[in-house]
Amino acid sequence: PVEKIRGKLVLIGTSAVALNDIKTTPVSAALPGVEVHAQVLESALTHTVLAQPNYAIGIELLGAFVLGLLVIMFTPNLGPVTLVGAGALFATVLVGTSWYAYKEQRLLIDFTYPLLSTTAIYLTLIFASFVREQAQRRQIRSAFGQYISPALVEQLAQSPEKLKLGGEEREMTIMFSDVRGFTSISESYKADPQGLTALMNRFLTPLTDAILARKGTIDKYMGDAIMAFWNAPLDDREHQINACNAALDMLEKIDALNKEREIEAQNGGHVYIPINVGVGLNTGVCVVGNMGSNLRFDYSVLGDSVNLASRLEGQSKEYGFPIIAGSRTALAAKDKFAILELDFIMVKGKKEPEVIYAIAGRQDVAQSAWFQTLRNLTIEMLACYRSRDWDGALSSIERGRRRDEAGSLSHLYKLYEARIRDYQKNPPPADWNGAFALLTK
């Protein structure tokens, strides 16, 4: 009927599959082609055409650039949780803006590209940060693997911010150790240099293990000598105590090694020469960091306290005690070790005198009756000596010798007896403060 179609737009099409007018659209997998025309016609008549403005691509590119720049700027400084939260907020804002333009303005501004590109940048930064962190950890493990214990190396690798390279001032405890009479030992291996090398490795290994086990850092090996320090590169609040424990552990390991070597010498029928070690400890402010040249450098320590530690190691044979410590080391560890004051000395090359102490053992030794008796007699002897009461000092020495059945203080008593005899003949000057000037390093 005419009235059915008058003033109307009529579309005639087919929906049979065989007529090949079935189309696939974003909203349907099988839509008759005539309906596509109907949708276009409806959009034209209702003025609801979905449009992509000319500036849409520019907005998408600008969004990708701004978001990528923000990610590059803030990724290194923000934590992962904060960064993910901020990213989710930005993504919500972009998606909401795109939906509003589509729903209300019928504009197609697609923020999928900015979001995908920003995500790619973020993942790239994460991967680069991971690679850089792994490289830094490898560098730290390589740089310090030969100096400190594996546990401390791993701690540095996990927290590299604790490492400050290039020179840093801090209070540290320094150790120097050396083998006494090493010349005689080396002469006995004159025909067997490989045997001497094996022996050096054999006694340096347990000494190194003792240092590393007590949180120490190996600075260098100097022939049969070892230089080590505490409280760098990682903080160690008990560096004086750990250094003293390491020194005593070293003596115990040397005793065990000497027993093994003595048995081997008896079974092999060759000469046995025991290894004796002298240790010097000192605490003070030092500069620690990478030192050397542009071609080669080491993580090392410098300072006046280092020199004094070296001097104290050299004096251990003079006083008859294998471990000699400076005043700051000894006083910090006095409650945990058997500490015995030895002398008030003026080291060659220094202007200020230093009180030095012997580390004679741990608390069991400190609490023993014989040590307390000998320590009191030594304190009495030193008081008489410094007040120029030579007879009183000699009397204290004689009483100490009678109490010292093991002869632990025999070298010390001989040293002071010789000094006192000399002072009796040639009295010190009137302004003498009790300090003894060392003539050798």
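For beta carbons closer than 9 Å, sequence separation of 6+ or different chains, a first residue in the stretch 194-219 that is over 23 Å from T183 (Cα atoms) and a second that is at pLDDT 90 or above and loosely packed, with under 14 Cβ neighbours inside 10 Å, the qualifying pairs are A210/E252. Of the residues making up the stretch 417-432, those that are in a loop (DSSP other than H, G, I, E, B) and surrounded by 10 or more Cβ atoms within 10 Å (Cβ to Cβ) are P427, P428, W432. In the condition set (1) in contact with a Gly (Cβ under 8 Å, 6 or more places away or on another chain); (2) loosely packed, with under 15 Cβ neighbours inside 10 Å, E398 is compliant with all but (1).
Based on this model, can you work out whether A88 counts as surrounded by 14 or more Cβ atoms within 10 Å (Cβ to Cβ) and within 18 Å of L123 (Cα to Cα)? For A88, the condition - surrounded by 14 or more Cβ atoms within 10 Å (Cβ to Cβ) and within 18 Å of L123 (Cα to Cα) - is not met. Those residues that are more than 36 Å from the chain's Cα centre (by Cα), part of a loop (DSSP other than H, G, I, E, B) and modelled with pLDDT under 80, I need them from the stretch 71-109; list them, please. Matches in the stretch 71-109: Q105, R106.
Looking across the stretch 1-23, not a single residue is in contact with a strand residue (DSSP E or B) (Cβ under 7 Å, 6 or more places away or on another chain) and either part of a helix (DSSP H, G or I) or surrounded by fewer than 10 Cβ atoms within 10 Å (Cβ to Cβ) (or both).
Rundown of residues vs (1) surrounded by fewer than 20 Cβ atoms within 10 Å (Cβ to Cβ); (2) at pLDDT 95 or above, yes/no style:
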residue: L302; (1), (2): yes, no
residue: N307; (1), (2): yes, no
residue: Q315; (1), (2): no, no
residue: S327; (1), (2): yes, yes
residue: F337; (1), (2): no, yes
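Is it fair to say N245 is surrounded by 19 or more Cβ atoms within 10 Å (Cβ to Cβ), of a type in the set (S, T, N, Q), part of a helix (DSSP H, G or I) and modelled with pLDDT of 95 or more? When the stated conditions are applied, N245 passes them. Of the strands (runs of 3 or more DSSP E) lying entirely inside the stretch 258-377, those carrying at least 3 residues that are under 29 Å from the mean Cα position of the chain (by Cα) and under 21 Å from N231 (Cβ atoms) are 276-292, 297-302, 323-326. For I323, the criteria (1) out of contact with any Asp or Glu (no Cβ under 8 Å at 6 or more places or on another chain); (2) outside the structural domain of M172 (by TED's automatic domain parsing) hold in every case but one, which is (2).
For P53, are the conditions met, namely being closer than 26 Å to I109 by Cα, surrounded by 13 or more Cβ atoms within 10 Å (Cβ to Cβ) and in contact (Cβ under 8 Å) with a residue 12 or more places away in the chain? It is true that P53 is closer than 26 Å to I109 by Cα, surrounded by 13 or more Cβ atoms within 10 Å (Cβ to Cβ) and in contact (Cβ under 8 Å) with a residue 12 or more places away in the chain.
Among the residues of the stretch 340-359, the ones that are under 20 Å from N376 (Cα atoms) and either of a type outside the set (A, V, I, L, M) or surrounded by fewer than 21 Cβ atoms within 10 Å (Cβ to Cβ) (or both) come to 5 in all.
The values are calculated or read from the model by the stated rules, or taken from the named source; none is laboratory data. Nothing here was measured: the structure is a model prediction, and the numbers come from that model. We place every Cβ from the backbone using ideal geometry, glycine too, and count neighbours over all the protein chains shown.
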